[in-house]
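Here the structure comes first, spelled out in structure tokens, and everything after it is commentary.
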Amino acid sequence: MHTLYTTLGSGNCYKVQLLMHQLNIPFRKINIDVLSGETKSPDYLAINPNGKVPFLILSDGRMLGESNAMLLHLAEGTEFMPEDRFERTRVYEWLFWEQSSHEPFISPARFWIAIMPEGREEKAEQIAQWQERGNQALKFMDKHLSRHDFLVGDRYSVADIGLYGYTCVAHQGEFDMSSYPAVSAWLNRIEQTTHYSPMMDLAQAA
Ligand SMILES: N[C@@H](CCC(=O)N[C@@H](CS)C(=O)NCC(=O)O)C(=O)O
């Protein structure tokens, strides 16, 4: 069985759990307390020297960091990964974009507003910058999704799961989702897919 090191409330951890849940892949979940610094503890660094979650140990003992690398590995050969070469490349394109132009802005804005609000005042200037860049990302997604039901090939794929991880909690970073009707409709569409489960349900599952 695979083992996933994860933490509560992380979109990066959630996306991997959601894919495994939807693929019905059994896995052992080990919760790491990021807020108390457990990712930087000697015990955890001995497992993952990069000191981050999620971290996946495959059933054969091989290890993987980076949520989107995990998504690509787990989706290979399933209905979540297109067979067509160009569509596969489009999946990579969205997942690379998520880590460069979406998650780095939406995730910290949400973190300092909803998860660590005691730091909000001190971070106010940065939060405003993250919100500006996050809004650019949501606008870009909205334009694409106003013409397509899903991100790649008009069918649900691992690209949607990768982007869903933090888009579904963007409102917690005070992103006004009513400004993004196509993104909101896409979130609803994902929530209707087979074996979909919300972030907190999967976080609390054994
Ligand atoms: N690019 C990485 C980001 C991983 C990441 O930043 N994880 C955060 C939680 S979402 C973390 O481990 N933070 C704790 C730390 O940096 O010590 C991925 O997609 O997996």
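The values are calculated or read from the model by the stated rules, or taken from the named source; none is laboratory data. Keep in mind it's a predicted model, so treat the numbers as computed, not measured. Cβ atoms come from the backbone with ideal geometry, glycine included; neighbour counts cover every protein chain shown.
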Residue count, the stretch 15-31 (criterion: more than 9 Å from the ligand (Cβ to nearest atom) and either β-branched (Val, Ile, Thr) or touching a residue at least 60 places away in the same chain (Cβ under 8 Å) (or both)): 9
Evaluate the following for Gly77: is it of a type outside the set (Asp, Glu), part of a loop (DSSP other than H, G, I, E, B), within 16 Å of the ligand (Cβ to nearest atom) and at pLDDT 95 or above? no
Examine the stretch 123-130 for a residue that is among the basic types (Lys, Arg), assigned by TED's automatic domain parsing to the domain that holds Phe175 and outside any helix (DSSP H, G or I), and state whether such a residue exists. yes
Is it the case that the stretch 54-68 has a residue that's within 23 Å of Trp97 (Cβ to Cβ), acidic (Asp, Glu) and in contact with a helix residue (DSSP H, G or I) (Cβ under 9 Å, 6 or more places away or on another chain)? yes
Among the residues of the stretch 50-99, count how many are in contact with a Gly (Cβ under 9 Å, 6 or more places away or on another chain) and not hydrophobic (A, V, I, L, M, F, W, C). 11
Scan the stretch 161-171 and tell me whether some residue there is among the aliphatic types (A, V, I, L, M) and part of a loop (DSSP other than H, G, I, E, B). yes
Going by what's in this entry, would Val183 be described as within 19 Å of the chain's Cα centre (by Cα) and in a loop (DSSP other than H, G, I, E, B)? no
Which of the following residues is in a helix (DSSP H, G or I), farther than 23 Å from His21 by Cβ and near the ligand (Cβ under 10 Å from one of its atoms): Phe111, Phe105? Phe111
Out of Ile25, Ile32, sole residue that is among the β-branched types (Val, Ile, Thr), buried (at least 19 other Cβ atoms within 10 Å of the Cβ) and in contact with a strand residue (DSSP E or B) (Cβ under 9 Å, 6 or more places away or on another chain): Ile32
Odd one out for Leu8, checked against (1) part of a loop (DSSP other than H, G, I, E, B); (2) without any contact (Cβ under 8 Å) to a residue 12 or more places away in the chain: (2)
When the residues of the stretch 32-70 are filtered to those that are in a strand (DSSP E or B) and out of contact with any His (no Cβ under 8 Å at 6 or more places or on another chain), which remaining residue is nearest to the ligand (Cβ to nearest atom)? Gly65
